[in-house]
Amino acid sequence: MNSPPTLRLTRLMLRDFRSYAELDQPIAGRLVVVAGANGMGKTNLLEAISLLGPGRGLRGAKGAELGRREGAEGLSWVVAGHFDGLEGPVVIGTGAEAGQDRRSFRLDGAAVRNQAEIARHAAALWLTPQMDRLFQEGASGRRRFLDRLVWALEPSHARDVAAHDAAMTQRNRLLAEGGRDARWLAALEDTMARHAVAAVAARRSLALRLNGALEAGVAG
């Protein structure tokens, strides 16, 4: 039986990112431990890797916060990674101009239309000490964590969640303004329903897969 495809980072490159002026680091091992004294930039490395997938990264920082700072002005920054990916070798890059929150992506040097194109090739999931209350507090945090798991396997899930939330925001605004356009409200609610059904189905499918993997592990 053929083993399922895996994702492996083989090279990490940084320029003017956080504490790093420049870095070009080959990565050979399947498991990598990053060690060093406090303040050496270990978490910055992990954050850089997390930015090579969809989302806002390990710290949830804005693009303008990620550049290396010298004096009063932040420099533009770039993070790039070479991957042996789910669809073969690929180079993913991301970065932002100085002072800009919005970052852009490159896939093998070409611009991409949206982050779903990146999700086809790479996705990351992390658990940090700051997330220790994730499973003790409200359901919204757990749902966001589950969504990141789903995105790693089903890139279209991000579009469904975003489309649902955008339609809900428009609907709520229309109602708050006293809008009574029944056709427009119906169209927004239809959009919400279609994307909500798709998102819930994807979450349920992943939960079933996880439960199946757990049962197989226990049985083995």
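Values for this structure:
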item	result
Fluctuation leader among LEU149, LEU188, LEU12 - the chain, Gaussian network, Cα springs under 10 angstrom	LEU188
Label-to-label distance, nm, for residues given as VAL34 and PHE135 (7 Å Cα→Cβ offset)	2.5 nm
Cα gyration tensor shape of the range 152-220, rounded if a/c is under 1.5, else prolate or oblate by comparing a/b with b/c	prolate
Computed helical MRE - 222 nm, the chain, DSSP H runs ≥ 4 contributing -39500 (n - 2.57), nearest 500	-13500 deg cm²/dmol
Gyration tensor (alpha-carbon) shape descriptor, the range 106-152, a/c threshold 1.5	prolate
At most 11 other Cβ within 10 Å, DSSP loop - GluC sites (Glu not before Pro), the range 117-188	GLU137, GLU177
Accessible area in square angstrom per residue, the chain, 1.4 angstrom probe	64 Å²
Antiparallel bridges, percent of DSSP beta bridges restricted to the chain (to nearest 5)	95 percent
Local net charge near ARG203, Cβ-Cβ under 14 Å (Lys/Arg +1, Asp/Glu -1)	+3
Virtual spin-label span in nm between SER104 and LEU125, 7 Å along Cα→Cβ	3.2 nm
10 Å Cβ shell holding at most 10 others, DSSP loop, trypsin sites (Lys or Arg not before Pro): longest site-free stretch of the chain	31-101
Rounded, prolate or oblate (a/c below 1.5 giving rounded, otherwise prolate when a/b exceeds b/c) for the chain by Cα gyration tensor	oblate
Cα→Cβ-extended label distance, 7 Å offset, between LEU185 and ALA21, nm	6.2 nm
Extension gain from VAL200 to ARG8, taking 0.36 nm per residue of separation minus the Cα-Cα distance	66.2 nm
Between helix 156-176 and the chain: long-axis angle, C-alpha atoms, 0 to 90°, nearest 10	50 degrees
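The values are calculated or read from the model by the stated rules, or taken from the named source; none is laboratory data. Bear in mind the structure is a predicted one, so any value in this text is a computation, not a measurement. Ideal geometry is used to build each Cβ from the backbone, glycine not excepted, and the neighbour counts take in all protein chains shown. Surface accessibility is based on the protein's heavy atoms, side chains included, excluding ligands, DNA and RNA. Shrake-Rupley method; radii C 1.70, N 1.55, O 1.52, S 1.80 Å.
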